[in-house]
Each structure stands twice: as C-alpha cells, then as structure tokens.
Amino acid sequence: MFHPLPVGAVDQLTDDSVAVTFDVPPELHELFRHTPGQHLALRRFVDGREIRRTYSICAPAPAAGGAPALRVGIRLVDGGEFSTFALKELAVGDVVEVMPPMGRFLLPPRPGYFAAVVGGSGITPVLSMAATLLAREPGARFCLIRSDRTAASTMFLDEVADLKDRHPDRFQLVTVLSREEQQSGLPSGRLDAGRLTTLLPALLPVDRIDGWFLCGPFGLVQGAESALRALGVDRARVHQEIFHVDEGPAPVVARAAAPAHASLTATLDGRSGTWPVREGESLLETVLRSRADAPYACKGGVCGTCRAFVVTGEVRMDRNFALEPEETEAGYVLACQSHPATAEVELDFDR
Ligand code: FES
C-alpha cells in the first residue's frame, strides 16, 4: 500500500511552507496518477514509532497515460512532527513512503462555472483543481476566493498569479488578508459567514455556480457552508475538505449504548478476519492489532483514509469531519472514530 518514492524537489514557498515533489518510477505511473483534489498519505518511522500525515496534491492532474505529477504542499504545524521534518530536514534524493492518491474532494475537469473558498493551506488541492480545469476545459470558469493572514504567508502566490495571467477571462481571484491591508479595495479581517453572505453575491452569480469547493480550517469551512446555505445553494453542489480542526463542537453522527462484548469482522484487500473489540478502542485499532495494512493517516476523523462500509450491525462515531452526509447515509463510517453499538459489527474497507 505504501511505496518508497524518492524526493525530486523541495521548494520553499513561504517561511513556514514547502512544496515537495516525488519521482514516480514508470511501473507505478498508473497507480499514482491523481484526480484534482486528491491527497497523499506519507509515513516515516522515528525511533520505531510510525508517523503518518496526509498532504494534498497541488500539481495539475496529468493527462490520461501521462506521468504522475506528485507535488504536495506542506505547511509547518506547531509541534507537527512530519511538517517540521519536511521543512527542516527533507532533501532531494531522500526516500519517503507514500500511499497512492486518495480522497473524494474532487473536481475532475468538466464544463461549468466553479467557485472555491479557501483558507491558508486549503489552497493546495484547489490549485490542482483550478489549473487542471482551466487547461483542459476551454469553456469552464473558476472563481477563487482565498483568505490568508498576510501576503508573505500566502502559499502558491506565484502559481495562482500565473493562472490569472494565463486565463484572465476565465479565472477570477479574490484575496482577503486577515492581518494586513491590501490594495484590492477589500478590507482586511476574517472571512466569516456574515461577510461571505454579503461578499459572494457581489462577486458571482451564486445560483449559476455548478460546484462550490470549501477547503481550509474548520471555522472557515463551516462559515462558508452556512453562508451558502443562507444564500439558498443546493447542498449537493457544495464539497468540503477540512484541514485543521480548531476549537468547536465535533459533529457527532450517531449515539448508541456500547455492548459489553463486541466482535468485529472486517474485510480488507479481499481477506476477512473476526476479532474481539477491546473496551474503548476504535474499530480501526481493533483491525490494526491483526492487520497492519489497515488504511489510516490522521486517526482524527479528518482525512477520510479509514473509510469503511458497515455491512452488518451498527456503530457510533465520535466525530466526522471527512464524510459527506450522503456517504454516512449510504452506510460509510470512519473506522478511526467508530465504536460498536451492536454486539457484532462487520466492516468492509474494500467498497
Ligand atoms: S484516519 Fe483520518 S479520518 Fe480516520
């Protein structure tokens, strides 16, 4: 599942962020071709301890049959073990273990008018979406509304400016800086729900947007989602990916009393097993005790890597920042957040 890939380039983007490019050998090209919006899970071992993190791919998607473009954006997180390593130590030629692209926050190129509201490093997957869309679909349009603290801390400034130069009529860029005055005429300050409710209709024909992509910290994504709801946008047109969960109540999906003894049957890569669930552990932890290949990255309900289908039984999730309502309604859960609510639970990681 993880493949060792050499680092082909490390580019400093800002004082606290880099873009890392991986080289992919020809035999893995097919596996590592991404759809705009997807991310990569990376892992390394420190003193025998495994550290995994997911980072979104910023490069435009390759054409069918083309070589993969694996470039991810990494911003330093306070106390973040992987991001500190990436910024301070990672160098060209180092080998990192990388999982093939995954994620369902996607914009495959298609005709239409699309918009994104992003904060901070939330630009990363959206840059791949906008660049791929504008290059491949001559009739498509994209409006990017981005929020950052200051111009100096803004990731991919040049890449976004380049899109504007290349597609002046089809790419609209609106930047809001929270801690710095700017020349665009927009006042500084946070992009919250109230501000977006006024700003969006002034910028765009809101009811003609075919897809909205919200990406960044929890607070920003939630604010943008409420603004779109207040403006009457159909929920099915709104897609979101949360990068950091700041303070705030976690959305709880289901609550049910835990059975005293529960067992879990899980299917993974076509092989099944049944194990007792220890008290308090998540269903992912139950599987990991016997199957080290169980998929996960954040273990925090954010990345969606551990998504599994509930075949039988019921589970309760502590929190869910990754699955769309349609996915939970269809029976998918995040194994890292799930606990048994019935004596027997069966999960399928392959669906
Ligand atoms: S491992 Fe990231 S949501 Fe479960």
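The values are calculated or read from the model by the stated rules, or taken from the named source; none is laboratory data. In this text, all values refer to a predicted model and were calculated from it rather than measured experimentally. We place every Cβ from the backbone using ideal geometry, glycine too, and count neighbours over all the protein chains shown. Keep in mind that these areas ignore ligands, DNA and RNA; they rest on the heavy atoms of the full protein, side chains included. Shrake-Rupley method; radii C 1.70, N 1.55, O 1.52, S 1.80 Å.
Restricting the count to DSSP beta bridges whose residues both fall in the chain, what percent are antiparallel, rounded to a multiple of 5? Don't skip to the answer; put the middle values down first.
Numbers: 44 of 74 bridges.
Of those bridges, close to 60 percent are antiparallel.
For Ala262, the residues 5 or more places off, or on other chains, whose built amide H falls under 5 Å of its own are Val277.
Across segment 34-44, computed HN-Hα scalar couplings (Karplus, 6.51 cos²θ - 1.76 cosθ + 1.60, θ = phi - 60°) run 10, 9, x, x, 7, 10, 10, 8, 10, 9, 8 Hz from first to last residue, x flagging Gly and Pro.
Compute the longest continuous run of the chain that contains no exposed GluC sites (Glu not before Pro); treat a site as exposed when its DSSP state is not H, G, I, E or B and it has at most 11 other Cβ atoms within 10 Å. Present the calculation step by step, with values, prior to reporting the outcome.
Details: sites that count: Glu89, Glu181, Glu247, Glu279.
Free of exposed loop sites, the longest segment is 90-180.
Accessible surface calculations at 1.4 Å, restricted to protein heavy atoms, place the chain at 45 Å² per residue. Placing +1 on the Cβ of every Lys and Arg and -1 on the Cβ of every Asp and Glu, with nothing else charged, gives the chain a dipole about its Cα centre of roughly 440 debye.
Can you give me the % of accessible surface on the chain that is carbon or sulfur? Probe 1.4 Å, all protein chains present, nothing else counted. Summing carbon and sulfur atoms, their accessible area is 50 percent of the total for the chain.
In order along segment 68-78, phi translates into HN-Hα couplings of x, 10, 9, 10, 10, x, 10, 10, 5, 10, 3 Hz, rounded to whole numbers, per the Karplus curve 6.51 cos²θ - 1.76 cosθ + 1.60 with θ = phi - 60° and x for Gly and Pro. For helix 123-136, report the angle its Cα long axis makes with the longest principal axis of the Cα atoms of the chain; keep it between 0 and 90° and round to the nearest 10°. Helix 123-136 sits roughly 70 degrees off the main axis of the chain. In units of the compact-protein estimate 2.2 N^0.38 Å, the chain shows a Cα radius of gyration of 1.01. Relative to the longest principal axis of the Cα atoms of the chain, helix 193-203 runs at roughly 50 degrees. Once the Kirkwood radius over Cα pairs is known for segment 1-143, the Stokes-Einstein relation at 10 °C and 1.306 mPa s delivers a diffusion coefficient of 102 µm²/s. Remark: accessible surface ordering of Arg33, Arg149 (largest first) is Arg149, Arg33, probe radius 1.4 Å. Just round it to a whole percent: the fraction of Cα-Cα distances in segment 262-348 exceeding 15 Å. Pairs farther apart than 15 Å: 50 percent. Separation of segment 323-351 from segment 73-88 is 31 Å, based on Cα centroids. Near the amide H of Ala140, within less than 5 Å, lie the amide hydrogens of Gly112, all on another chain or at least 5 residues away, with H placed in the peptide plane. The distance from the alpha carbon centre of segment 108-147 to that of segment 214-234 is 17 Å, rounded to a whole number.
If you count, for each residue, the other Cβ atoms within 10 Å and average over each peptide, how do 133-141, 118-126 line up from highest to lowest? Let's see the in-between values first.
Details: 133-141: 17.0, 118-126: 27.4.
The most tightly packed comes first, giving 118-126, 133-141.
Report the one residue of Val118, Val92, Thr21 whose Cα lies farthest in the direction of the positive end of the charge dipole of segment 19-133 (charges on C-beta: Lys and Arg +1, Asp and Glu -1; origin at the Cα centre). It is Val118, whose Cα lies furthest towards the positive end.
Among Leu31, Leu163, Leu284, the largest mean-square fluctuation in a Gaussian network model of the chain, built with springs joining Cα atoms closer than 10 Å, belongs to Leu31. Across segment 282-288, rounded Karplus estimates of 3J(HN,Hα) from the backbone phi angles (6.51 cos²θ - 1.76 cosθ + 1.60, θ = phi - 60°) give 7, 5, 5, 4, 4, 5, 4 Hz, Gly and Pro being marked x.
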